[in-house]
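Below is one structure, written out as structure tokens; the observations come after it.
The values are calculated or read from the model by the stated rules, or taken from the named source; none is laboratory data. What you see is a predicted model; the values in this text were computed from it and never measured. Cβ sites come from the backbone with ideal geometry, for glycine too, and all protein chains shown count toward neighbours. Areas reflect the complete protein model, heavy atoms only, side chains present, ligands, DNA and RNA absent. Shrake-Rupley method; radii C 1.70, N 1.55, O 1.52, S 1.80 Å.
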Amino acid sequence: MDFLVFIKQVPDTDEVKVDEESGTIIREGVPSILNPFDEYALNLALRLKEGMEDEVNITAMSMGPPQAKDALKKCLAIGADRGILLSDKVFGGADTWATSFTLFKGVEKMGGADLYFSGQEATDGNTAQVGPELASHLNLSSMTYVEDVLDINPKEGYLTAKKETDEGFIKLKSELPVVLSCMTPPDFEPKIPGVKEIMKAKNKPLDTWNHDDLGGTEEEYGLEGSESQVISTYPPPSKGPGEKFEGPAEEGAEKIFALLKDEGVCDD
Amino acid sequence: MIKIDREECIGCGECVEVCPVDALSLDSEEKAVVDEDTCTSCGLCISTCPTNAIETKIMARKGDTSQYSGVWVFGETNDGNLKEVGPQLLGKGRELASEFNDQLSAVVIGSDVKDAAAKCGNYGAEKVYMVEGEEFDQYKTLPFSFAMSQLISEFKPRVVLYGATHLGRDLAPSVAGRLGLGLTADCTGLSIKEEDGEKLLLQTRPAFGGNLIAEIVCPNTRPQMATVRPNVFSCPEETENSQPEIIEREVDLNPELFKVEILERLSGEEGEVGVEEADVVIAGGRGVGSEENFQLLEELADALDGVVGCSRPIVEDGWLSKAHQVGQSGKTVSPKLYIACGISGAIQHKVGIRDSDTIIAINKDPEAPIFDVADLSVVGDLHEVLPELLELLGGEDGS
Ligand SMILES: Cc1cc2nc3c(=O)[nH]c(=O)nc-3n(C[C@H](O)[C@H](O)[C@H](O)COP(=O)(O)OP(=O)(O)OC[C@H]3O[C@@H](n4cnc5c(N)ncnc54)[C@H](O)[C@@H]3O)c2cc1C
Ligand SMILES: Nc1ncnc2c1ncn2[C@@H]1O[C@H](COP(=O)(O)O)[C@@H](O)[C@H]1O
């Protein structure tokens, strides 16, 4: 069986600073990481692979600039068998629509898979759209907020999964193939690859495909192929530093109490 | 949309038969042709075609934008009851509709949703598009997305808004993907921007974990679609007996569309605890120290008519269920008052509380990042501050 995991390299949002003047993200000096949700998705794929009789091949695919290779290398070290980077100047500036189209073209070239994984969302854009949109391109069903795959039965062609809904968790059964958008469960401990795994990863295939490899016209990709346009960005309006109190607990409590009264949250 | 390979097509007409929206027909040369405006990319024809002459070709739906009018709100229901986010969006939708000079409509899909449909009228919808049937009893992506796509293809709205709930964030991208539409996720603001004489929906949303706000338009595709965070807009007054025009549509669901089946609700997991809707949230983090200590927060929540929330480690340790978790991988809250006790203020937590009106933080570390977003920061031990506060509140209650 072929598993395909879509991964994205993102700036570490903990470290991100905004240029107040231009209202854009300062990327310099900000470390890039593997999107945490994708890291979970990959770990889930690996765990399933280990529990299966069939031979399973895990491919990690990403669209991004050349340095996104680092994120793919990390995936290989964690346990993916193959990495594919879709990288070309014309892919730049893509919204979720153009991104899912580009990844779809990558899937086509690769020849498809039996099960697809994406993260629930990427921590830079936080849109949670690429997974379901990919499913549309692939004419497949999608499942979002998947916390776990409970059972997979390739012979009968289905899996069961645990999914979070607004009302709690449910157990679902889905035909294969399907696109899973994976949600990190609270008790997830990421696998940290050791030196041996990192060395071994160096021998695993890591390809880069560009626009010529994927085909299609340039207008379908990147900024031109995007249906949503960001027309401006700015730092969130800061409320200004609030009041800070340091002193005896009793007085702290009184401060809070006074504010609660002001806000009308408790009776005067 | 789909693409038909004319070389391969043998004109058998199987696809024309199976198409639930009559988007396919045979032309004079006995070859299948598709009406791009009507096709909802359901893919049924693809599996039916004996010669594999059909493939999906999802393209951006660009056509003539002037055909599209009307502001639609997806009225999300649970067990037939309209969820609060629907009315909130109808309130905002009303403003947008007047500026566009459009009608305001709601869409309701479910198995027993007549009351919910009528209720949408009470909150301002002039029309309600309703798809009712047993097979829509529980939310499933494909059937709902298919029904929604069919309505959109037939009635051509200008704008469609969904709540950014788990359901909305599943349904909207599925519809957008299927129909080839731009979609903006998790909006916190909506207004109108004029560009080249055309009024566009201006969508405002946080990105990069809330470090940046972006303004987005979708100038070329219609409808313009957005998911909107619950509680960003306030709910309008409910009027009685509004009697909106109800437009019911049958949606022919081929069994092939049911690729996913709901087996069971998993027990042991609490359902909603209401942190998203609450006016007051008392949240605790690792600084609370132990499961027992959450009692203090419960008491404070009781005194203030609030709900207890928490940071992620609390869920990891099993002290509270996932439904209480606030933040990136938990709930986004927007209460009038958020009290963070013993929470350091990691970006993943802060992103979930930015829409709160007032934030109070209690932390013994004067440098805790949570203080950057707090209106009132109290540096101190929560085990000392909270009992004092409860006493002050208790004194009030008792009098
Ligand atoms: C992909 C991803 C998603 C995530 N999603 C979420 C999410 O949805 N929600 C979330 O919350 N986190 C999330 N996290 C985790 C997040 O990064 C932080 O680890 C977490 O929020 C820290 O929780 P905390 O503040 O309770 O604990 P800590 O960071 O350990 O902070 C405890 C705080 O309590 C204070 N304290 C200790 N004792 C006392 C006392 N007696 N009185 C007063 N103060 C005291 C300390 O000074 C400290 O500031 C996510 C992380 C990742 C990678
Ligand atoms: N450029 C990309 N390359 C590969 N996968 C991506 C890319 N962008 C998004 N994804 C996948 O789609 C998921 C959701 O992303 P988003 O819709 O951007 O929040 C991510 O967790 C990834 O699995």
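The average projected area of the range A:2-89, computed from the convex hull of its Cα atoms over all directions, is 6.5 nm².
Legend: P(r) of the range A:124-228 from all alpha carbon pair distances, 5 Å bins from 0, whole percents, reading 2, 9, 12, 14, 15, 16, 16, 11, 3, 0. For A:Lys163, the lysines whose Cα falls under 19 Å of its own Cα, not counting residues fewer than eight places away in the same chain, are A:Lys171, A:Lys173, B:Lys140, B:Lys259, B:Lys322, B:Lys331.
For B:Val21, nonlocal amide neighbours, meaning residues 5 or more places apart or on other chains whose placed amide H falls under 5 Å from its own, do not occur.
Under 20 Å of direct C-alpha separation, and excluding same-chain neighbours fewer than eight residues apart, B:Lys57 reaches these lysines: A:Lys105, A:Lys109, B:Lys3, B:Lys31. Taking the square roots of five times each eigenvalue of the Cα gyration tensor of chain B, the equivalent ellipsoid has semi-axes of 46, 22, 20 Å, listed largest first.
Under the combined filter of DSSP loop state and at most 16 neighbouring Cβ atoms within 10 Å, the range A:19-66 retains these trypsin sites (Lys or Arg not before Pro): A:Arg27.
Would you be so kind as to identify all helices of chain B, as entire DSSP H runs, whose Cα atoms reach 18 Å or more along the helix's own axis and whose mean Kyte-Doolittle hydropathy is at least -0.5?
Flagged H segments are B:85-100, B:141-155, B:382-398.
The calculated 222 nm mean residue ellipticity attributable to helices in chain B amounts to -7500 deg cm²/dmol, summing -39500 (n - 2.57) over DSSP H runs of n ≥ 4 and dividing by all residues.
Solvent-accessible area of B:Leu263, all protein chains in place: 70 Å² (probe radius 1.4 Å, heavy atoms, ligands and nucleic acids excluded). Among the trypsin sites (Lys or Arg not before Pro) within the range A:136-166, those in coil by DSSP and having at most 12 neighbouring Cβ atoms inside 10 Å are A:Lys155.
Using only Cα atoms and rounding to the nearest 10 degrees, what angle (0 to 90) does helix A:36-50 make with the longest principal axis of chain A? Between helix and principal axis, roughly 40 degrees. In whole percents, the pair-distance distribution calculated for the range A:197-268 from its alpha-carbon pairs, binned every 10 Å from zero, is 12, 17, 14, 14, 13, 18, 13, 0. Model label sites at A:Leu223 and A:Ile26, defined 7 Å from Cα along the beta-carbon direction, differ in position by 2.4 nm. Helix A:249-263 axis versus longest C-alpha principal axis of chain A: approximately 80°, rounded to the nearest ten. Residues in the range A:59-71 carry Karplus couplings, in order, of 10, 9, 10, 9, 10, x, x, x, 5, 5, 3, 4, 5 Hz; the curve used is 6.51 cos²θ - 1.76 cosθ + 1.60 with θ = phi - 60°, and Gly or Pro positions show x. A P(r) calculated from all alpha carbon pairs of the protein assembly as shown, with 10 Å bins opening at zero, reads 3, 15, 25, 27, 19, 8, 2, 1, 0 percent. Straight-line cross-link partners of A:Lys155 among the aspartates and glutamates, defined as a Cα under 20 Å from its Cα and at least 8 positions apart when in the same chain: A:Asp2, A:Glu50, A:Glu53, A:Asp54, A:Glu55, A:Asp114, A:Glu175, B:Glu256, B:Glu261.
When each of the peptides A:67-74, A:124-131 is scored by the mean number of other C-beta atoms lying within 10 Å of its residues, the order from highest to lowest reads A:124-131, A:67-74. With a ≥ b ≥ c taken as the square roots of the eigenvalues of the C-alpha gyration tensor of chain A, please select rounded if a/c is under 1.5 and otherwise prolate if a/b is larger than b/c or oblate if it is not? Prolate is the answer for chain A, as a/c is 1.5 or above and a/b outweighs b/c.
Rounded to two decimals, the Cα radius of gyration of the range B:71-256 over 2.2 N^0.38 Å is 0.97. Phi-derived couplings, Karplus 6.51 cos²θ - 1.76 cosθ + 1.60 at θ = phi - 60°, listed residue by residue for the range B:17-31: 4, 7, 4, x, 10, 6, 8, 10, 8, 9, 8, 4, 8, 6, 10 Hz, with x used for Gly and Pro.
So in chain A, what percent of DSSP beta bridges are antiparallel if you round to the nearest 5? Bridges in chain A are about 45 percent antiparallel.
By the Cβ distance rule (another cysteine Cβ under 4.7 Å), the unpaired cysteines of chain B are B:Cys9, B:Cys12, B:Cys19, B:Cys39, B:Cys42, B:Cys49, B:Cys120, B:Cys187, B:Cys218, B:Cys235, B:Cys310, B:Cys341.
Would you mind putting A:99-107, A:86-94, B:23-31 in packing order, based on average other-beta-carbon counts within 10 Å, highest first? Let's see the in-between values first.
Numbers: A:99-107: 24.6, A:86-94: 19.0, B:23-31: 14.2.
Ranked by mean Cβ neighbours within 10 Å, highest first: A:99-107, A:86-94, B:23-31.
The angle between the Cα long axis of helix A:96-110 and the main principal axis of chain A comes to about 20°, on a 0 to 90 degree scale.
If you take the square roots of the eigenvalues of the alpha-carbon gyration tensor of the range B:233-302 and sort them as a ≥ b ≥ c, do you get rounded (a/c under 1.5), prolate (a/b over b/c) or oblate? Oblate is the answer for the range B:233-302, as a/c is 1.5 or above yet b/c matches or exceeds a/b.
In terms of solvent-accessible area of protein heavy atoms at a 1.4 angstrom probe, what is the ranking of A:Ser174, B:Ser111, highest value first?
Values: A:Ser174 0, B:Ser111 35 Å².
Per-residue accessible area, sorted high to low, gives B:Ser111, A:Ser174.
I need the shape label for the range A:38-116. Rule: rounded when a/c is under 1.5, else prolate if a/b > b/c, else oblate, with a, b, c from the alpha carbon gyration tensor.
On the way: a/c = 2.33, a/b = 1.67, b/c = 1.40.
Cα axes put the range A:38-116 in the prolate bin.
Rounded to the nearest 5, what % of DSSP beta bridges with both residues in the range B:71-256 are antiparallel? Percent antiparallel among DSSP bridges in the range B:71-256 is about 35.
A simple rule links phi to the HN-Hα coupling: the Karplus curve 6.51 cos²θ - 1.76 cosθ + 1.60 with θ = phi - 60°, which for the range B:337-350 gives 9, 10, 10, 9, 10, x, 10, 6, x, 4, 3, 5, 7, 4 Hz, with x for Gly and Pro.
Quick check on chain A: helices-only [θ] at 222 nm, where DSSP H runs of length 4 and up contribute -39,500 (n - 2.57) each and the sum goes over total residues. Nearest 500, please.
Values: 7 runs with 74 residues, N = 268.
Taking each H run of at least 4 residues, the total per residue is -8500 deg cm²/dmol.
The amide H of A:Tyr145, built 1.01 Å from its N in the peptide plane, has A:Ser181 as neighbours under 5 Å, considering only residues 5 or more places off or on other chains.
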